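Below: the structure, in structure tokens.
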Amino acid sequence: MKSFVLPFLLAASLPAADSGIVPSMNAFTTDTYKHLSGSDGNLIVSPFNIAAALSMALAGAQGRTADEIQSVLHVQSGPSYDASLGTLLADLSKAGNAGRNELLMANRLWVQKGFELRAAFEKTLADNYRAPLAPVDFIGNSEAARSQINGWTEEHTKGKIKNLFPAGTLNIQTRLVLTSAIYFYGKWQDPFVPTRTQPARFTLSNGTATEAKFMNQTSHFEYAETPSAQILEMRYAGTGMAFDVLLPKTVGELPEVEKSLTPENLAGWLGQLSTRNVQVSLPKFRAEASVSLGKTLSMMGMPTAFTGHADFSGMSSKDRLGISEVVHKSFVDVSEEGTEAAAATGIAVLAAAMRAPDKVVVFRADHPFIFLIRDTRTGVILFIGRLMDPR
């Protein structure tokens, strides 16, 4: 997978961080969505959160292992990358906590008691990722360590992500775990009136119909069209965060829209947004997902990290290390008041043996669609997903 430089999703640039971070993050986002969208059903994932966790692992990777992770993330690692990503995380956190909204991000490094880390690796994670070291005893009581890590994840996602690491995923061979958590709650700039929410038909991808509760309002929103899709952007109050919906113009066109979902196309589509008077009908929905990403990340181009040939010597010189698990859980709830979303990623590292204002546009999302939660100032996408069935 070749690295490439992409344009911003919006013209506004991030003032304090390296401008290359956002295009890289969004390239990884579209790659991840395509690899996970092959299965049926609803999907919610935070590639941004996954990338933060992988970037912490990358800080301790060397040789071919580092090259592959860099390629998958579309980045060039090093002190400037870690510092720029740290600046982006801090900037997003500041901007996302305005207007009674919440954007919480936290990272943590869990290490076997007595296991010696390289000082440079520990310092990079503490300084740039705000990931303090927490000693645990994987060897003596791996289940207690797993419970502690899962408890931290649940706490930092407001209780939305539970049991990140299932039973048995951590064991006496585990030497360290990297965790990254993100929680977002945004109130609509133009909230829906609950009394206008009405049941109506939602057509599934196979053409059959089900019933959903549709929120309804007519107001001024950002809007654009492509030959195959309508695009709606709804802002969250007091912040640059937004919720974007990519709605195919016909029921059967979602696979074609997904196929054309590249960073370049997405940048072009969102760049055409303009203020329109839009009659919106959007289903209330809630979705959750849990995925093990080892095979997916290997297919995306970083297989070595999961083998006995992995090189994480930048983390420690004590044992040969390799990744055993990359787990990700995510959640989204869209209602009349706003949107609540959360995600967490865990990486287990083992000792390896191995405008027309008067014209009303009708936007009725009554069939499967893609959605994003992103920061419109930088263009970085925090969550991406699709609604196939609102039940």
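Every read-out reported here was derived from the displayed coordinates using simple, explicitly stated rules and does not represent laboratory data. Just so it is clear, the structure is predicted and the values come from calculations on it, not from any experiment. All Cβ positions, even for glycine, are placed from backbone atoms using ideal geometry, and neighbour counts span all protein chains on display.
Values computed for the structure shown
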read-out: Cα→Cβ-extended label distance, 7 Å offset, between E256 and K158, nm; value: 3.9 nm
read-out: Protection proxy ranking of 168-179, 320-331 - average other beta-carbon atoms within 10 Å, highest first; value: 320-331, 168-179
read-out: Spread of Cα-to-Cα distances over 10 Å intervals beginning at zero, given as percent, for the chain; value: 5, 24, 33, 23, 11, 4, 0
read-out: Alpha-carbon centroids, region 229-278 and region 15-65: separation in whole Å; value: 20 Å
read-out: DSSP bridge pairs, the chain: antiparallel proportion in percent, nearest 5; value: 90 percent
read-out: Student exercise, region 31-97 dipole from Lys, Arg, Asp, Glu Cβ charges, in Debye to nearest 20; value: 80 debye
read-out: Region 148-222 versus region 131-146: alpha-carbon centroid distance in Å; value: 28 Å
read-out: D190/K318 FRET efficiency (R0 45 Å; Cβ-Cβ; nearest 0.05); value: 0.20
read-out: Positive-end residue of P255, T208, A120, charge dipole of the chain with Cβ unit charges; value: T208
read-out: Debye, to nearest 20: dipole size of the chain, +1 on Lys, Arg Cβ, -1 on Asp, Glu Cβ; value: 300 debye
